[in-house]
Each structure stands twice: as structure tokens, then as C-alpha cells.
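Comments concern the structure below.
The values are calculated or read from the model by the stated rules, or taken from the named source; none is laboratory data. Given the structure is predicted, the values throughout are model-derived calculations rather than measurements. Cβ placement follows ideal geometry from the backbone for every residue including glycine, while neighbour counts extend to all protein chains displayed. Accessible surface areas use protein heavy atoms only, side chains included; no ligands, DNA or RNA. Shrake-Rupley method; radii C 1.70, N 1.55, O 1.52, S 1.80 Å.
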Amino acid sequence: MRKIAIAGNWKMYKTQKEAKDFFTDFLPLVKDKLEKSSDRVLICAPFTDLSFLVSFTANAPDNLAIGAQNLHWSDSGAFTGEISAPMLVELGLKFVIVGHSERRQFFGDTDATVNQRLKAAQKHGITPILCVGETKQHREQNETESHIFSQLELGLDGVDQDNLIIAYEPIWAIGTGDTCATKEANRVIGLIRSQLQNPDVTIQYGGSVKPDNIDEIMAESQIDGVLVGGASLEPVSFARIINYTENYTEKL
Ligand code: PGA
């Protein structure tokens, strides 16, 4: 059975004070949904907020979880500025984003390091969210499929597909307001699924997800949730995304 997961990626936003203000407003807005549905809601926050947020949300329903945005592949070592899986486990975290396009673009992550990070997370019982997606240039040159298939092949080598979430994030749609058409996102996610050994892997769409397009996105047959950047920073908009309309049908 495929499970739905709605995740917020806070990137490098929010001090602890701002994180506390967010959750104070946000929790009452999603309480009902969390209690009544089996959808999983994740907030992947900066490292400095994690310990605080785990305590602050301790009494929230179990389907709300705090996650991290990256981890190193070694358990410990001389890797200045990095954080390891055992450090995340100690905080009680069960989710981590791996291979986000901003990590690949600005911090040198490659398919090989992404693969190592995925395996490190799983070795310690953490579910990684693997991000894949094409640039505008790949798309214009008809390389969308080949690029994503190669990211999957290299990234997933030796990775356990029973403990994995994938996020399809076309890079040109991230933070641009330029959402990938939902039918096209659905098509690419179907292709991603066709490459997997486990067809039940949760596959999210990410890239300019907003309150006004969430219902349409969640109505697509292959899309099992969303990874949300900008719109996850504000309690009312992220709550609206979590409270998406089920069984939405497009108005003609
Ligand atoms: P966005 O970011 O929702 O602001 O486009 C998505 C992401 O980077 O995961």
C-alpha cells in the first residue's frame, strides 16, 4: 500500500524562536487532519532547530514528524560542518532529505555521495527522502527521462526500497512559481515508479507547490504527496496544503 507523505523543507529559514512561533499557530490548524487521517506530515528543519522542535512537538499526533535536510555517510570523523546519522537518531529523528538539488548545485553532492548518504540513513533506521529532477536544459534537450533514470540507477544502488521516499523535483520549478503541469508531473512520477523494484515507494512532487495547486496535484494517480519549500514557511499556507481536498475533481 502506497502511503501519503506531505513534507515541508524549511531550507535555511527559521531560528528556534521563529520555529516556535510557527508551530504555535500551525498545530491547531492541522490537529483534526492529523488525528483523522493516516497521511504523514514532516517538517525538515535546520539542524539548530531539530532538538527544540522534537521536544516542542512531543505531544502532537504520531503522524507528525520532524526531519533533517542532510546527513553525512560516516558515523563520525574529521568532517567539519557535517552531521551524522547517529546524531540524528539521538534526537529521535526518523526522516532526512538526501540529494536536494540545492545540495547538488551549491555543495557538491553527486549521485555517488547521495548514494552513500542514503545508505547511512537506512543503516540507522532513518527513512531518507531522495530528491531527483531535471534542469530546464535537460528538459529542452529531451533528456528529462535519461537524466532522472541515471540519478535513480546510481543513487539507489544497494539502497533498500522498503524504507525510502522519493521526491520528483524539476529544478526549474523550485522556488520559481513555475509549477510543472500536474499531468506532466504525474507522467514523470509514473516513469520513476516503473524503474523501481518496489512499486509501493511513496513518490512526492516538489516545486512551487502552493495552496492553490495542491488539490489538483493530490488528485493525480501517481503522486503520493508533496515536498514544499516556500509555502511551508507560513502556518496558514502549509496547513492548507496538509488539509488538501480529497477526491478533488477538476472543474471544466
Ligand atoms: P519550493 O521548493 O516549494 O519553494 O519551490 C521546493 C523544494 O526545494 O523542495
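Quickly rank 134-146, 109-121 as a protection proxy: mean count of other C-beta atoms within 10 Å, highest first.
Descending packing order for the listed peptides: 109-121, 134-146.
Near Lys183, which aspartates and glutamates are there with a Cα under 17 Å away, not counting those fewer than 8 places off in the same chain?
Excluding near neighbours in sequence, the set is Glu134, Glu145, Glu169, Asp212, Asp215, Glu216, Glu220, Asp224, Glu250.
If packing is taken as the average count of other Cβ atoms within 10 Å, what order do 94-102, 22-30, 230-238 fall into, highest mean first?
In decreasing order of mean packing, 94-102, 22-30, 230-238 become 94-102, 230-238, 22-30.
Expressed in nm to one decimal, what extension gain is obtained for the pair Thr57 and Glu246 from 0.36 nm per residue of sequence separation less their Cα-Cα distance?
So the extension gain works out to 65.5 nm.
Cross-link candidates for Lys123: which aspartates and glutamates have Cα within less than 19 Å, leaving aside residues fewer than 8 places away along the same chain?
Asp75, Glu82, Glu90, Asp111, Asp157, Asp160, Asp162
So between Lys3 and Leu91, what do we pick up on full extension, going 0.36 nm a residue minus the alpha carbon distance?
Here the answer is 29.2 nm.
Sort Trp172, Trp73, Trp10 by accessible area with a 1.4 Å probe, largest first.
Trp73, Trp172, Trp10
Hey, for a label at Glu18 modelled as a point 7 Å past Cα toward Cβ, could you say which residues of the range 207-233 have their backbone N under 18 Å away?
The answer is 228-233.
Using amide H atoms built 1.01 Å from N in the peptide plane, name the residues 5+ places from Arg40, or on other chains, whose amide H lies under 5 Å from its own.
Long-range HN contacts for Arg40: Ile4, Ala5, Ile6.
Classify the range 5-242 from the C-alpha gyration tensor, please: rounded if a/c falls under 1.5, else prolate or oblate depending on whether a/b exceeds b/c.
Oblate, since a/c reaches 1.5 and b/c is not below a/b.
Could you check how much of the accessible area of the range 55-100 is carbon and sulfur, as a whole percent, using a 1.4 Å probe?
Values: 1160 of 2210 Å².
On the range 55-100, the fraction of accessible area on carbon and sulfur atoms equals 52 percent.
Starting from the 7 Å offset along Cα-to-Cβ, what nm value, one decimal, do you get for the label separation of Lys31 and Asp162?
3.8 nm
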